[in-house]
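Undergrad: Have a look at the structure that comes next, please.
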Amino acid sequence: TLENAAALGTTAPLTVTGGLLDLGGLTITKSGTITLSGGTTANGTLVTQDSTTIEIGEILARIPHRFPFLLVDRAEDYVPGESIVGIKAVTFNEGFFQGHFPDYPVMPGVLIVEALAQTGAVLMSKTLDVDPRGKTILFASVDNCRFRHPVRPGDLLKLNVRVARARGGLFKFE
């Protein structure tokens with residue numbers, strides 16, 4: 001245990017065990033790899049700590065979408081072949097807020113539907129272990145879509161996706 005923890009910007013004692021420096025959620029190995037509690041290393045490499053959570057590094061590996069059209073930041077409660085909850089942190093600097101609407105910014109409904117579709121694609125890509133370079137998961141249709149509340153800057157959008165039916169290579173989600 002290092003007693004001079006305050007010098008490193010923390011008041012908690014630091015523990016060094018077997019070449020690891022543990023800062024309570026931040027681990028530094030003897031080789032210099034830094035692992036953050038969120039499940040990624042400092043250079044962005046995915047470190048799986050919770051099999052029900054999918055971090056951004058894995059999402060980028062599973063679906064082809066990129067900024068500015070990647071609309072899922074993280075996923076939680078992953079149950080293979082059954083369900084997932086996508087997470088999108090909606091910030092004021094999203095490009096669509098410049099024109100939709102400047103005086104009362106609201107996330108466009110079609111982008112919420114796209115975020116749901118991307119969440120479903122992450123669910124099936126991981127469940128089926130699909131290589132995105134060889135296959136593309138496509139969104140086919142939407143039924144009975146309603147928006148109950150506007151999504152505004154600062155909101156945390158939770159995208160609940162559940163497999164309702166599977167037939168061949170087609171999946172219907174609720």
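The values are calculated or read from the model by the stated rules, or taken from the named source; none is laboratory data. Keep in mind that this is a model prediction, so the values were computed, not measured. Cβ placement follows ideal geometry from the backbone for every residue including glycine, while neighbour counts extend to all protein chains displayed. Surface accessibility is based on the protein's heavy atoms, side chains included, excluding ligands, DNA and RNA. Shrake-Rupley method; radii C 1.70, N 1.55, O 1.52, S 1.80 Å.
Undergrad: What strands (runs of 3 or more DSSP E), lying completely within segment 1-108, carry at least 1 residues that are among the aliphatic types (A, V, I, L, M) and modelled with pLDDT under 95? Don't jump to the end; show me each part of the working.
TA: On the way: elements: 15-17, 20-22, 26-28, 34-36, 74-79, 83-89.
Per the criteria, 15-17, 20-22, 26-28, 34-36.
Undergrad: Out of (1) of a type outside the set (Asp, Glu); (2) within 18 Å of residue 160 (Cα to Cα); (3) touching a Phe, Trp or Tyr at 6+ places or on another chain (Cβ under 8 Å), the odd one out for residue 105 is which?
TA: Of everything listed in (1) of a type outside the set (Asp, Glu); (2) within 18 Å of residue 160 (Cα to Cα); (3) touching a Phe, Trp or Tyr at 6+ places or on another chain (Cβ under 8 Å), residue 105 misses just condition (2).
Undergrad: Here is a further query. For residue 135, work out the one condition from (1) under 19 Å from the mean Cα position of the chain (by Cα); (2) modelled with pLDDT under 95; (3) within 19 Å of residue 66 (Cβ to Cβ) it doesn't fulfil.
TA: Failed condition: (1).
Undergrad: Just the residues that are under 23 Å from residue 88 (Cα atoms), open to solvent by 100 Å² or more (accessible area, probe 1.4 Å) and touching a Phe, Trp or Tyr at 6+ places or on another chain (Cβ under 8 Å), please, taken from segment 149-174.
TA: 162
Undergrad: Between a first residue in segment 65-76 that is within 18 Å of residue 108 (Cα to Cα) and touching a residue at least 60 places away in the same chain (Cβ under 8 Å) and a second residue that is open to solvent by less than 100 Å² (accessible area, probe 1.4 Å) and not aliphatic (A, V, I, L, M), which pairs have beta carbons less than 9 Å apart while being 6 or more apart in sequence or on different chains?
TA: 72/65; 72/86; 72/88; 72/118; 72/119
Undergrad: Would you mind telling me which numbered condition in (1) surrounded by 13 or more Cβ atoms within 10 Å (Cβ to Cβ); (2) of a type in the set (Asp, Glu); (3) closer than 30 Å to residue 167 by Cβ; (4) in contact (Cβ under 8 Å) with a residue 40 or more places away in the chain residue 94 fails?
TA: Residue 94 satisfies all of (1) surrounded by 13 or more Cβ atoms within 10 Å (Cβ to Cβ); (2) of a type in the set (Asp, Glu); (3) closer than 30 Å to residue 167 by Cβ; (4) in contact (Cβ under 8 Å) with a residue 40 or more places away in the chain except (3).
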